[in-house]
1. What pairs come out if I take residues in region 240-256 that are more than 17 Å from GLN315 (Cβ to Cβ) and pair them with residues that are surrounded by fewer than 17 Cβ atoms within 10 Å (Cβ to Cβ) and at pLDDT below 80 whose C-beta lies under 6 Å away, six or more apart or interchain?
2. Name the pairs: first residue in region 261-280 and crowded, with 21+ Cβ neighbours inside 10 Å, second residue of a type in the set (A, V, I, L, M, F, W, C) and in a helix (DSSP H, G or I), Cβ to Cβ under 8 Å, at least 6 apart or on different chains?
3. Can you tell me which residue is modelled with the lowest pLDDT among those in region 170-217 that are among the β-branched types (Val, Ile, Thr) and in a helix (DSSP H, G or I)?
4. Please determine whether any residue of region 528-537 is among the hydroxyl-bearing types (Ser, Thr, Tyr), on the phi > 0 side of the Ramachandran plot, within 22 Å of the chain's Cα centre (by Cα) and surrounded by 18 or more Cβ atoms within 10 Å (Cβ to Cβ).
5. For region 49-79, how many residues meet the condition of being of a type in the set (D, E, K, R) and at pLDDT 85 or above?
6. Might you let me know whether region 580-594 holds any residue that is of a type outside the set (Lys, Arg), surrounded by fewer than 22 Cβ atoms within 10 Å (Cβ to Cβ) and touching an Asp or Glu at 6+ places or on another chain (Cβ under 8 Å)?
7. Residues PHE615, PHE570, PHE558: which one is touching a helix residue (DSSP H, G or I) at 6+ places or on another chain (Cβ under 8 Å) and surrounded by fewer than 20 Cβ atoms within 10 Å (Cβ to Cβ)?
8. Filtering region 407-444 down to residues that are in a helix (DSSP H, G or I), crowded, with 18+ Cβ neighbours inside 10 Å and small (Gly, Ala, Ser), which residue is modelled with the highest pLDDT?
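The values are calculated or read from the model by the stated rules, or taken from the named source; none is laboratory data. Computed from a prediction, not measured in an experiment: that's the story for all the values here. With ideal geometry, Cβ positions are generated from the backbone for all residues, glycine too; neighbour counts draw on all protein chains shown.
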Amino acid sequence: MDGTLALTTDMQIVLGLVALTMVLFVFQRVRADLVALVVLVMLGLTGLVAPEDVFNGFSSNAVISVIATMILGMGLDRTGALNRLAGWLLRRSKGNERHLLLLTSATAGLNSSVMQNPSVMALYMPVAARLASRSGLRLAQILLPVCVAIVMGGTLTMVGSSPLILLNDLLTAANANLPSGAATLESLNMFAPLPIGLTLLVVGIAYFHFRGHSQLDELGETTEGNVTPARTQSYFASAYGIGGDVFELTVTADSPLVGMTFGEAEAIHEAPLLLALKSENDARLAPPVDTRIWVGSVIGAMGPRQQVADFAQNQFLRLSTRLRHFGDLFNPSRAGIAEAVIPPTSKFIGKSAAELSLGKTYGVRLLAINRDKQVLRDDVRKLPLRAGDMLVLHSIWQDLAKTAKSLDFLIVTDYPKGEQRPHKFKIAMAIFAMTMLIAVSSRIPTSVALMTGVAGMLVFGVLKMDEAYGAINWKTVFLMACLIPLGWAMDSSGAAAWVAGHTIERLPSGLPIWVLELAVALLTAAFSMVISHVGATIVVVPLAINLALAAGGNPTAFALITALAASNNFVTQSNPVMSMIIGPAGYKARELWRMGLPISLLYTAVIVLMVNLLF
């Protein structure tokens with residue numbers, strides 16, 4: 001490549017736009033998506049990108065793939081797949097905190113191979129909170145290892161992270177500007193980075209299991225108390241004495257509960273909270289109080305383990321910690337505890353919960369009443385309600401939302417508003433598996449394969465159309481679509497070739513290719529802290545390809561290293577996954593640099609080594 005390539009006006013404008021983008025991203029005075037829009041408009045006005053191509057980023061395979069993975073992730077979430085996974089993790093690793101952390105991180109990493117990293121993190125936040133609340137670990141000790149595993153697991157496939165989704169589009173675009181005689185760059189198949197991703201995931205998990213465990217213990221001691229996991233559960237336990245875990249109690253032939261009504265069973269002295277009942281094939285929360293209990297019936301009870309165990313022993317019930325019958329009903333994304341206030345205009349005033357038949361009519365179970373700063377828990381079903389009463393209710397969220405529409409009580413607790421569809425779980429998993437098989441075949445573009453899965457979930461009712469729209473993070477989509485033409489301009493204007501040529505001229509002759517690859521990986525990681533992982537990929541991939549051509553290296557290898565290194569940010573909030581955990585876990589900047597920097601260096605070493613072994 002000609003290292004004396006002249007710096008043209010078009011090159012200067014493109015490099016100026018890159019510099020402007022970086023400055024605006026660093027100071028964050030202007031929203032990132034607005035910056036991207038301004039850059040897109042400037043590319044169109046200056047003619048650096050043809051008018052008919054300016055908005056082609058919005059229809060690129062990369063953007064469509066990102067949209068599809070977001071919707072598919074929502075479909076899996078609505079079926080409760082991740083909450084089922086949380087229960088499995090607890091059962092498999094109960095009593096062993098390190099085993100729990102290992103299993104959770106590995107599973108999260110594997111999940112992120114087929115879903116967008118932020119989507120996986122959003123699904124694992126409640127899972128992590130539930131695990132922390134029941135294991136003795138603090139949220140700070142769980143979230144960082146899970147976050148690292150998700151980022152590293154995102155490198156298992158070409159759809160696991162935004163940089164890898166972008167890569168094939170950038171490789172295709174680069175072919176139009178390759179020098180004569182250069183081999184055409186081929187798109188990478190779905191599982192091209194699999195060996196690299198597996199190595200990264202194993203290294204990341206091993207680091208925390210062997211080396212980082214003591215540092216995680218320190219995090220558990222230094223993070224502030226106000227970031228304790230499961231804050232809602234802790235609040236209800238301290239304010240109302242409502243706490244403990246959920247158990248299943250099976251009624252035996254010797255039990256005195258046989259023939260009793262559910263209301264009579266609730267009234268037994270020192271009984272735990274009885275929240276659900278399964279008779280024959282009918283399982284429901286807040287069953288009517290006149291429902292009879294028979295041999296083989298299963299009761300869902302909540303309370304401290306010892307209290308529930310004593311109740312089970314006294315009433316000849318078989319206790320199980322595994323929710324075989326009520327797993328869907330007690331799914332935290334489907335049901336839980338909430339507070340509601342009785343307004344002065346409520347038709348409930350003067351009537352008791354028994355008279356209103358809250359369970360039978362509304363599907364809610366009254367647990368306690370906060371009246372005039374006094375918590376009432378005994379015989380609350382018989383107490384006439386007053387204006388201003390704070391009710392503590394247990395219900396399926398969907399039933400609670402329907403009841404709240406009447407305005408007879410006002411919900412003051414935030415709860416999931418989306419409809420859960422656990423009965424669609426098998427359908428969703430089948431559609432997802434078929435989508436992956438189509439994508440693996442390589443006969444159909446990945447974007448088309450993923451959209452096939454989206455269409456399947458919509459047709460079979462896993463998701464509704466409005467829910468699919470709501471699943472899309474339009475800021476991410478807009479940012480990516482607007483910045484893609486900047487990468488095209490870097491390549492087509494010759495700016496990337498000019499930078500690469502002058503860089504090679506100033507480097508010592510005979511420098512090993514792996515040193516250049518290492519420099520590209522570190523440069524990309526640094527850029528990702530400034531202009532996000534998407535921006536870093538778009539700006540550096542054209543530069544890396546031209547650098548490889550100038551140095552006699554493999555352009556595909558350099559481009560792949562760039563796309564992998566763009567996610568290598570475990571110390572700042574410019575990584576969207578890191579930004580999600582810093583607040584809830586209470587991490588301080590100093591702690592993140594102390595733990596994140598060694599992981600980033602390991603990440604860099606692994607990707608350079610593995611890419612050289614594979615390419």
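1. GLY243/ALA237
2. Hits for this filter: PRO272/VAL308; PRO272/PHE311; LEU274/PHE262; LEU274/ALA265; LEU277/PHE262.
3. It comes out as THR172.
4. Checking region 528-537: at least one residue is among the hydroxyl-bearing types (Ser, Thr, Tyr), on the phi > 0 side of the Ramachandran plot, within 22 Å of the chain's Cα centre (by Cα) and surrounded by 18 or more Cβ atoms within 10 Å (Cβ to Cβ).
5. Within region 49-79, residues that are of a type in the set (D, E, K, R) and at pLDDT 85 or above number 2.
6. yes
7. Unique residue meeting the criteria: PHE615.
8. Among them, the one singled out is ALA428.
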